[in-house]
1. Check region 175-184 and report whether any residue there is in contact with a Phe, Trp or Tyr (Cβ under 6 Å, 6 or more places away or on another chain) and within 28 Å of Arg252 (Cβ to Cβ).
2. Collect the residues in region 26-67 that are basic (Lys, Arg) and touching a residue at least 12 places away in the same chain (Cβ under 8 Å), keeping them in residue-number order.
3. Would you kindly identify the helices (runs of 4 or more DSSP H) lying entirely within region 76-190 that contain at least 3 residues that are not assigned by TED's automatic domain parsing to the domain that holds Phe237?
4. Quick check on my filter: what residues within region 40-75 are within 21 Å of Leu90 (Cα to Cα) and assigned to a loop (DSSP other than H, G, I, E, B)?
5. So which of Ala205, Ala169, Ala165, Ala129 ends up being farther than 30 Å from Ile249 by Cβ, free of Cβ contacts under 8 Å to residues at least 24 places away in the same chain and of a type in the set (A, V, I, L, M)?
6. Can you tell me which residue within region 64-115, out of those that are closer than 19 Å to Val31 by Cβ, over 17 Å from the mean Cα position of the chain (by Cα) and of a type in the set (A, V, I, L, M), is surrounded by the fewest Cβ atoms within 10 Å (Cβ to Cβ)?
7. Out of the residues in region 116-156 meeting the condition of being crowded, with 24+ Cβ neighbours inside 10 Å and among the hydroxyl-bearing types (Ser, Thr, Tyr), tell me which one is farthest from Ala198 (Cα to Cα).
Amino acid sequence: MSPVRPLRRLGAIVLACLLPFTAGHGQTPTVAAASDLQFALQEVQTLFARDRGHPIQLVFGSSGNFYRQIVEGAPFELFLSADESFVTRLAEQGLTRDEGQLYAIGRLAVFAPQGSPLAVDADLNGLRAALQRGEIRRFAIASPEHAPYGARAEEALRHAGLWDALQPALVLGENVSQAAQFAASGNAQGGIIAYSLALAPNVAALGTYALLPEHWHSPLRQRMVMLKNASPAIAAFYDYLQQPAAQAILRRHGFAVPAED
């Protein structure tokens, strides 16, 4: 594969609306959550603290990196992965209480910042045309190596026949939230990001987006699981995420909330 440029440090232009990657302070139970959940899960956290009185610390990042950290002994108590395969692998290693619960199905969106020559559409015809005109110098996705949204973005671009043509322009975020930062900042002509991030008002105000067809990539089946060391507060939060109030928040942020198979 042709080399791609890593995500550059954005410094002052990093979008404040996408930071911080952690929430909460002090010695509180810690949840490792896929970065596509950043806005939705913080809202659930607020309601949970109000309703149950338990403080929960959220840490957001790529699911693949969290998987590796958990295997190496990181003290997370709950893992919300953007790809259920990471949960399955942890369960097979005896690191979880059980096989977890499917909590959401995510979607991909193509995003272009204001002033971009990229016209967004569900079939990526605008991206194809902008590439042919030589107007795409940078295009952001999450790293396919360890971020599920990056792997699915690669699948979608291959389906559209654009993966090879985009190689010189690709910039990779450590996770999909970083890819969204890069695309929305205007330092790229666009990117493929999580639909949940494209819907966030502070991100949507910075550009336009289009939802990509589900059949262009493998399903983003998102599964959560409690680790062996999960505390009663985390067990309560795990249960709360399966209740109607939390599920309504997930739906509002663009996730499908499926029944368990």
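1. There is at least one residue in region 175-184 that is in contact with a Phe, Trp or Tyr (Cβ under 6 Å, 6 or more places away or on another chain) and within 28 Å of Arg252 (Cβ to Cβ).
2. Step one: filter region 26-67 for residues basic (Lys, Arg), giving 50, 52.
If the condition is that a residue be basic (Lys, Arg) and touching a residue at least 12 places away in the same chain (Cβ under 8 Å), then Arg52 is the only one that fits.
3. Numbers: elements: 84-92, 125-132, 148-159, 163-166, 176-184.
The qualifying helices (runs of 4 or more DSSP H) are 125-132, 148-159, 163-166, 176-184.
4. Once the filter is applied, which keeps residues that are within 21 Å of Leu90 (Cα to Cα) and assigned to a loop (DSSP other than H, G, I, E, B), region 40-75 yields Ser62, Glu72, Gly73, Ala74, Pro75.
5. Numbers: Ala205 fails: farther than 30 Å from Ile249 by Cβ; Ala169 fails: free of Cβ contacts under 8 Å to residues at least 24 places away in the same chain; Ala165 fails: free of Cβ contacts under 8 Å to residues at least 24 places away in the same chain.
Going through Ala205, Ala169, Ala165, Ala129 in turn, just one is farther than 30 Å from Ile249 by Cβ, free of Cβ contacts under 8 Å to residues at least 24 places away in the same chain and of a type in the set (A, V, I, L, M): Ala129.
6. The qualifying residue surrounded by the fewest Cβ atoms within 10 Å (Cβ to Cβ) is Val71.
7. Out of the qualifying residues, it is Ser143.
Conditions tested, residue by residue: (1) surrounded by fewer than 18 Cβ atoms within 10 Å (Cβ to Cβ); (2) aliphatic (A, V, I, L, M); (3) closer than 30 Å to Glu92 by Cβ.
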{"position": "Asn175", "(1), (2), (3)": "no, no, yes"}
{"position": "Ala179", "(1), (2), (3)": "no, yes, yes"}
{"position": "Gly186", "(1), (2), (3)": "yes, no, no"}
{"position": "Ile193", "(1), (2), (3)": "no, yes, no"}
{"position": "Glu214", "(1), (2), (3)": "yes, no, yes"}
{"position": "Leu220", "(1), (2), (3)": "no, yes, yes"}
{"position": "Ala230", "(1), (2), (3)": "no, yes, yes"}
{"position": "Arg252", "(1), (2), (3)": "yes, no, no"}
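The values are calculated or read from the model by the stated rules, or taken from the named source; none is laboratory data. Quantities reported herein were computed from a predicted structural model and do not represent experimental measurements. Because the Cβ atoms are built from the backbone with ideal geometry, glycine has one as well, and the counts that use them run over all protein chains shown.
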